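Peer 1: Below is a structure I'd like to ask you about.
The values are calculated or read from the model by the stated rules, or taken from the named source; none is laboratory data. Nothing here was measured: the structure is a model prediction, and the numbers come from that model. Every residue, glycine among them, receives a Cβ derived from its backbone with ideal geometry; neighbour counts consider all protein chains shown. Protein only, heavy atoms only, side chains kept; ligands, DNA and RNA dropped before computing areas. Shrake-Rupley method; radii C 1.70, N 1.55, O 1.52, S 1.80 Å.
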Amino acid sequence: MIRRSLIASGALAALFALPRAGELASQETHTCDDRAGIRVTVLEAMGTVPIRADVRVRWVDVVQSPAQRGVGDDGRLTFCAPGDARQATVWAEADDAASEQAFVELTPGTTTAVELRILGEADPGRLEGRVFDAATKDPISTAAVTVAGRRGVVSTDRWGRYILTGVPAGAAEFEVRRMGYEPLRYTLNVKSGLTTQVDIGLVRDPVAMEPIVATTVRSPRLESKGFYERQYWGEMLGVGEFLTPEYLERWRPMRLTQLLEQYTMLRPRLVRGGRTPGTSGDCLQVYLDNVNVHDVPLNSIVLPVEVAGVEVYRSTTALPRDLLRFQSTCNLVLIWTG
């Protein structure tokens, strides 16, 4: 992770609303009972030809994992929102291209139509991160985040999170504004087809200290396996432990047992020899890239230098929805290679 301190300048700015991508309609055939629905249509940049793509929905005002599904040849699909969700952000990704992000107000018993158009630029990148108070570390909501030359502005949610999709690759001027804080401008290099995580620590105006900017280019393999989404929700809800590539690069041990003993909450005795069925929490399941390696000695599975990320879930914690297939009374260790 690269940390840089910048001196922000400028005056206080007004708050902006999240942009809408394409046209939003108020009425669609409703199939979600009493819950709100979102009917998504994905088209190419001109808005005439349907496109097969992955559509992602993040529920802004409820604590629930984002939804992701692929559209068919007609470019359409419907999402049913959680019962208490009233706002959502929606975007589409097709190969190395993406749509802009749409902000949707949800109404129970009603389906809202959203049209997403895949941007025409070749191999755009994606920016994702959080905005927080540099002094207190508290998240900052409703901060306006934008990139120069990109149409529209997005706002951070209650946890300070934001997403900018379809950002052209190359040098970009990143800007964050929030009333009561010094505005920040920062030039970064957007990687083609990859997600760059940009975490921003704003300082209150006129407090005499420097803002904080931390940037990290995410591992495409870990992102495709859902590692970063599980880390986000796991750390927010206190479920699981996560060793990122940056953490592993800094504290690279010699053996896998040393890694699990020193940098996770697993008991050393369990790491050294407890991978057998036992009482609740007194056993260990280990998977390497989704393959069960129960019968292989831990230090023979993989070298620590080959490990890109590690997830650890205690037997008493609730697993994320996409890991329910691993549900058991044992502790769970997921090891991902680069």
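Peer 1: Can you tell me which of (1) at pLDDT 80 or above; (2) farther than 30 Å from Val145 by Cβ; (3) in a helix (DSSP H, G or I); (4) not acidic (Asp, Glu) is the one Leu270 doesn't meet?
Peer 2: Of (1) at pLDDT 80 or above; (2) farther than 30 Å from Val145 by Cβ; (3) in a helix (DSSP H, G or I); (4) not acidic (Asp, Glu), only one is false for Leu270: (1).
Peer 1: Has region 29-36 got at least one residue that is modelled with pLDDT of 85 or more and open to solvent by less than 30 Å² (accessible area, probe 1.4 Å)?
Peer 2: Taking every residue of region 29-36 in turn, at least one turns out to be modelled with pLDDT of 85 or more and open to solvent by less than 30 Å² (accessible area, probe 1.4 Å).
Peer 1: Within region 54-62, does at least one residue satisfy the condition of being in contact (Cβ under 8 Å) with a residue 60 or more places away in the chain, in contact with a helix residue (DSSP H, G or I) (Cβ under 7 Å, 6 or more places away or on another chain), surrounded by 15 or more Cβ atoms within 10 Å (Cβ to Cβ) and not aliphatic (A, V, I, L, M)? Full working, then the answer.
Peer 2: We begin by selecting, within region 54-62, every residue in contact (Cβ under 8 Å) with a residue 60 or more places away in the chain; these are 55, 58, 60-61.
Adding the requirement that they be in contact with a helix residue (DSSP H, G or I) (Cβ under 7 Å, 6 or more places away or on another chain) leaves none.
The answer is no, given that none of the residues of region 54-62 is in contact (Cβ under 8 Å) with a residue 60 or more places away in the chain, in contact with a helix residue (DSSP H, G or I) (Cβ under 7 Å, 6 or more places away or on another chain), surrounded by 15 or more Cβ atoms within 10 Å (Cβ to Cβ) and not aliphatic (A, V, I, L, M).
Peer 1: Asp74 passes all but one of (1) open to solvent by 60 Å² or more (accessible area, probe 1.4 Å); (2) within 22 Å of Arg161 (Cβ to Cβ); (3) of a type outside the set (A, V, I, L, M, F, W, C); which number fails?
Peer 2: (2)
Peer 1: I want to confirm something. Restricting to region 41-80 and keeping residues that are in contact with a Phe, Trp or Tyr (Cβ under 7 Å, 6 or more places away or on another chain) and hydrophobic (A, V, I, L, M, F, W, C), which single residue is modelled with the lowest pLDDT?
Peer 2: Across region 41-80, the extreme among qualifying residues is Ala67.
Peer 1: Moving to a separate point now. Kindly evaluate Thr111 against the criterion of being buried (at least 22 other Cβ atoms within 10 Å of the Cβ) and over 20 Å from the mean Cα position of the chain (by Cα).
Peer 2: Judged against the criteria, Thr111 is a match.
Peer 1: Also, I was wondering about something else. Residues in region 127-149 that are closer than 23 Å to Val190 by Cα and either at pLDDT 85 or above or surrounded by 21 or more Cβ atoms within 10 Å (Cβ to Cβ) (or both): how many?
Peer 2: Residues flagged as closer than 23 Å to Val190 by Cα and either at pLDDT 85 or above or surrounded by 21 or more Cβ atoms within 10 Å (Cβ to Cβ) (or both) within region 127-149 amount to 11.
Peer 1: Return yes when Pro211 is modelled with pLDDT of 90 or more and more than 22 Å from the chain's Cα centre (by Cα) and no when it is not.
Peer 2: no
Peer 1: Take region 178-194 and flag every residue that is in a strand (DSSP E or B) and either over 30 Å from Asp95 (Cα atoms) or open to solvent by 10 Å² or more (accessible area, probe 1.4 Å) (or both).
Peer 2: Tyr181, Leu184, Arg185, Tyr186, Thr187, Leu188, Asn189
Peer 1: Mind telling me which of the residues Thr187, Thr216 ends up being at pLDDT below 80 and either hydrophobic (A, V, I, L, M, F, W, C) or over 19 Å from Pro66 (Cβ atoms) (or both)?
Peer 2: Values: Thr187 fails: at pLDDT below 80.
Sole residue among the options that is at pLDDT below 80 and either hydrophobic (A, V, I, L, M, F, W, C) or over 19 Å from Pro66 (Cβ atoms) (or both): Thr216.
Peer 1: Of everything in region 143-182, what is under 19 Å from Val60 (Cβ atoms) and among the basic types (Lys, Arg)? Give them in sequence order.
Peer 2: Once the filter is applied, which keeps residues that are under 19 Å from Val60 (Cβ atoms) and among the basic types (Lys, Arg), region 143-182 yields Arg158, Arg161, Arg178.
Yes/no matrix, rows are residues, columns are (1) more than 16 Å from Gln231 (Cα to Cα); (2) part of a loop (DSSP other than H, G, I, E, B):
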site: Val286; (1), (2): yes, no
site: Glu311; (1), (2): no, no
site: Ser315; (1), (2): yes, yes
site: Leu319; (1), (2): no, yes
site: Asp322; (1), (2): no, no
site: Ser328; (1), (2): yes, yes
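Peer 1: Looking only at region 191-203, count how many residues are within 22 Å of the chain's Cα centre (by Cα) and either under 24 Å from Asp61 (Cα atoms) or modelled with pLDDT of 85 or more (or both). Talk me through it step by step, then tell me what you get.
Peer 2: The initial filter retains those residues of region 191-203 that are within 22 Å of the chain's Cα centre (by Cα), namely 191-202.
Right, trim to either under 24 Å from Asp61 (Cα atoms) or modelled with pLDDT of 85 or more (or both) and you get 195-202.
Number of matching residues: 8.
Peer 1: Looking at region 125-177, which of its residues are on the phi < 0 side of the Ramachandran plot, assigned to a loop (DSSP other than H, G, I, E, B) and within 19 Å of the chain's Cα centre (by Cα)?
Peer 2: Once the filter is applied, which keeps residues that are on the phi < 0 side of the Ramachandran plot, assigned to a loop (DSSP other than H, G, I, E, B) and within 19 Å of the chain's Cα centre (by Cα), region 125-177 yields Asp138, Ile140, Ser141, Ala143, Val153, Thr156, Asp157, Arg158, Trp159.
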